[in-house]
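The next block holds one structure in the form of structure tokens; read it before the comments.
The values are calculated or read from the model by the stated rules, or taken from the named source; none is laboratory data. This is a predicted model, so every value here is computed, not measured. Positions of Cβ are backbone-derived with ideal geometry, glycine not excepted, and every protein chain shown enters the neighbour counts. What goes into the accessible areas is simple: the full protein's heavy atoms, side chains included, and nothing from ligands, DNA or RNA. Shrake-Rupley method; radii C 1.70, N 1.55, O 1.52, S 1.80 Å.
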Amino acid sequence: MDFVQNFPFFSILLSLGSGVLTSVMNKRAARIWNTFVLTAVSAMSAALFVYMLRVKEPFTFMMGHFPAPWGNEIRAGILEAGMALFFSIIMILSIKGGERHIDSEVEESKVNLFYIMINLLLSSLLALIYTNDLFTAYVFVEINTISACGLIMITQHGRAIEAAMRYMIMSSLGSGLLLMGLCILYDITGHLLMSNIKEKVALVYAQGTYNVPLVASIGMICVGLAIKSALYPFHTWLPDAYGYSTVSSAAILSSLVSKGYIFLLIKIFYRVVGFDIIVDSRIMNIFFVFGLAGMIMGSVNAILENDIRRMVAFSSVAQIGYIYMGFGLGTAFGMVAAVFHILSHASTKSRLFMASAGLSDVSGKSKRFEDLTGSGYRNPIAGIAFMAGACSMVGIPLFSGFISKLLFAQAAVQNSILKLLPALLCLAVSTVLNAIYFMRTVIRIYTPIDAGTVGRKNLKMALGMDIRICPVYTVVLLLMMRLNMLLGCCSQPIVNWIESGLGMFG
């Protein structure tokens, strides 16, 4: 075994152990250690990704060298390695870009608790990416949920605590359905290892025995993970959770947490049940309908918002709808488009939350549109970053959002007329709605400020503010914009990587 094959286990163990270690550190030490952990995980993920590009074959790592069912197993392929690298990069940029807000919004004695949650969240995301065992996946789903809840309520404001409670209630419902589905699946197959379950499911499905319990199990698992990833209409927890948490928390929650659950769902499609059986079960048709509804209703709710953070949050509901619409197409290329959109949305939405915070900072800390007038001039880097993110969300060429919508359109064209027309129509309508609320915001932040456009009190407050921009914040936004444009301008190698990774899943 090559030494690099230990890196998935090392990454999970390092981040999980760091959650314990950070609990006894002070604020400064916790921050330094978290930076080291994220850098180390990124480096190991990059090394593993390069290794997987070279060998082009997945491998399994038995912890303790005990085979199933006595031991646990990690599996790494080209898609897992690349996703782990991408997640760790987004996380370190989100934390560094929002460090000033962590200091101002989180009580000093509790800053180390914030980094505990970050380390545990990182370990759970890595485990969801690499695990080859369904029960282990469920354990880390719960760790992910608790960590995310802690990140929401770390500010200890009333609305943040309320949002965290709503998030916990909805997530517990999703976790319960997921656990019941896994229990039924275990009862049918007698296995928890993904590859063993797939073999047994194929046998059971071919024989026609236990088909009703099997479909029920698939339905519970899919609905449970859909609730946890905020698919419409299970999205009610999302706007407050993203709108009232710290900037770094909102960036991580919107770009990574929901994507971890979606990535686990993709693994279940391919590595647990089998993609053909999933398509035959008709669950994809349900995803298609709710995905289309989310694309439209998320955008409509965003248009009705007068708070920039909540508007960006409702936009996430629409983007999650895009991903599930791609699933619902029930084709291999639809899955490729959905995975690409995971990357596109993560790289864009984290930047939008960062930019929104910067615009709010120079507008008297207000998040209301009327108070953000001219904020793009007062904080130029935040204004440019928000405008670039808006262009990506709308689907302007050169940005990753354009490639996402192009891939979804190509996948729809390859489908039957029953899905082709609704998919293309909702893509067009959603794009128009995206343009309405994002371009409206861009026009607002670049409207010159005067007494006729904002209240006198807010005008004086905005003009009299200290608008010095943190250099780290500027660098982070520039790197996020570069990452988004890299996805938009160099999309074909990334699409090839996704196709190759999904092929290894199968």
Per 10 Å bin, what percent of the C-alpha pairs of the range 80-139 does each bin hold, from zero upward? 20, 42, 27, 11, 0
Beta carbons within 10 angstrom, averaged per residue: use that to sort the peptides 207-218, 26-37, highest first. 26-37, 207-218
Work out how far the C-alpha atoms of the range 15-103 reach from end to end along every principal axis, then list the three figures in whole Å, largest first. 44, 30, 15
Value of Rg/Rh across the range 1-153 [Cα atoms, Kirkwood radius]: 0.99
Given q = 0.16 Å⁻¹, what are the Debye log10 I(q)/I(0) values for the range 229-322, with equal point scatterers placed on the Cα positions and solvent ignored? -0.68
Roughly what angle does helix 332-361 make with the longest principal axis of the chain, taking Cα atoms, 0 to 90 degrees, to the nearest 10? 30 degrees
If you count only protein heavy atoms with a 1.4 Å probe, what accessible area per residue comes out for the range 110-199, rounded to a whole Å²? 34 Å²
On a 0 to 90° scale, report how tilted helix 194-207 is relative to the longest principal axis of the chain, with both axes built from alpha carbons and the result rounded to the nearest 10. 60 degrees
On each of the three principal axes of the Cα atoms of the range 14-64, give max minus min coordinate, whole Å, ordered largest first. 43, 24, 8
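Exceeding 30 Å between C-alpha atoms, which entries from my cross-link table qualify? They are Lys96/Lys367; Lys27/Lys267; Lys110/Lys267; Lys56/Lys96.
On the way: Lys96/Lys367 22 Å; Lys27/Lys267 37 Å; Lys110/Lys267 36 Å; Lys56/Lys96 34 Å.
Too far apart for the 30 Å limit: Lys27/Lys267; Lys110/Lys267; Lys56/Lys96.
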Putting +1 on Lys and Arg Cβ atoms and -1 on Asp and Glu Cβ atoms, find which of Ile443, Ser350, Met325 reaches farthest to the positive end of the dipole of the chain. Ile443
May I ask for the equivalent-ellipsoid semi-axes of the range 291-367, computed as the square root of five times each C-alpha gyration tensor eigenvalue and listed largest first in whole Å? 28, 14, 4
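Would you mind computing the Rg to Rh ratio of the range 205-251 from its alpha-carbon coordinates, Kirkwood style for Rh?
With Rg and the Kirkwood Rh in hand, the quotient comes to 1.30.
Pop out the carbon and sulfur fraction of the accessible area of the range 199-282 as a percent, whole number, probe 1.4 Å.
Details: 1410 of 2330 Å².
Looking at the range 199-282 in its full context, I get 60 percent from C and S.
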Which whole-Hz couplings ³J(HN,Hα) result when phi for each residue of the range 276-291 is put into the Karplus expression 6.51 cos²θ - 1.76 cosθ + 1.60, θ = phi - 60°, listed in order with x for Gly and Pro? 5, 5, 4, 5, 5, 6, 6, 5, 5, 5, 5, 4, 4, 5, 6, x
Tell me which aspartates and glutamates have Cα within less than 13 Å of Lys365's Cα, excluding those fewer than 8 residues away on the same chain? Glu105, Asp307, Asp466
Counting every Cα pair in the range 109-176, what percent are over 14 Å apart? 60 percent
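Which whole number of Å³ per residue matches the convex hull of the alpha-carbon atoms in the range 159-276? Could the numbers behind the result be given before it?
Working: hull volume 11.5 nm³, N = 118.
Roughly 98 Å³ of hull volume per residue.
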Give the Debye-formula value of log10 I(q)/I(0) at each listed q (0.13 Å⁻¹), with one equal scatterer per alpha carbon of the chain, two decimals each. -1.26
Would you calculate, for the chain, the mean residue ellipticity at 222 nm contributed by helices, counting each DSSP H stretch of 4 or more residues as -39,500 (n - 2.57) and dividing by all residues, to the nearest 500? -25000 deg cm²/dmol
Which three lengths, in whole Å and largest first, does the range 238-388 cover when its Cα atoms are put on their principal axes? 55, 25, 23
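Which order, highest average first, do 298-308, 439-449 follow once you tally other Cβ atoms within 10 Å for each residue and take the mean per peptide? Walk me through the intermediate numbers first.
On the way: 298-308: 19.4, 439-449: 16.5.
Per-residue Cβ counts within 10 Å, averaged per peptide and sorted highest first, yield 298-308, 439-449.
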Quarter of the surface of the C-alpha convex hull for the range 209-282, i.e. direction-averaged projected area in nm², equals 5.4 nm²
Over the C-alpha atoms of the range 273-320, what are the Rg and the largest Cα-to-Cα span, Dmax, in Å? 14.6, 44
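Looking at the P(r) of the range 140-215, how many percent of alpha-carbon pairs lie beyond 20 Å?
Working: 1396 of 2850 pairs.
In whole percent, the share of Cα-Cα pairs in the range 140-215 beyond 20 Å is 49.
What is the gain in length, in nm to one decimal, between Asn496 and Asp276 on full extension, counting 0.36 nm per residue of separation less the C-alpha to C-alpha distance?
77.1 nm
How do the peptides 399-407, 286-294 rank, highest first, by the average count of neighbouring beta carbon atoms within 10 Å per residue? Provide the component values of the computation, followed by the final result.
Values: 399-407: 23.8, 286-294: 21.9.
Highest mean packing first, the order is 399-407, 286-294.
With the full set of protein chains in place, find how many percent of the accessible area of the range 374-434 is carbon and sulfur; take the probe as 1.4 Å. Don't skip to the answer; put the middle values down first.
Working: 1960 of 2330 Å².
Answer for the range 374-434: carbon and sulfur cover 84 percent of the accessible area.
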Take the solvent-accessible surface of the protein heavy atoms, probe 1.4 Å, and return the percent of it on the range 14-140 that carbon and sulfur atoms account for. 68 percent
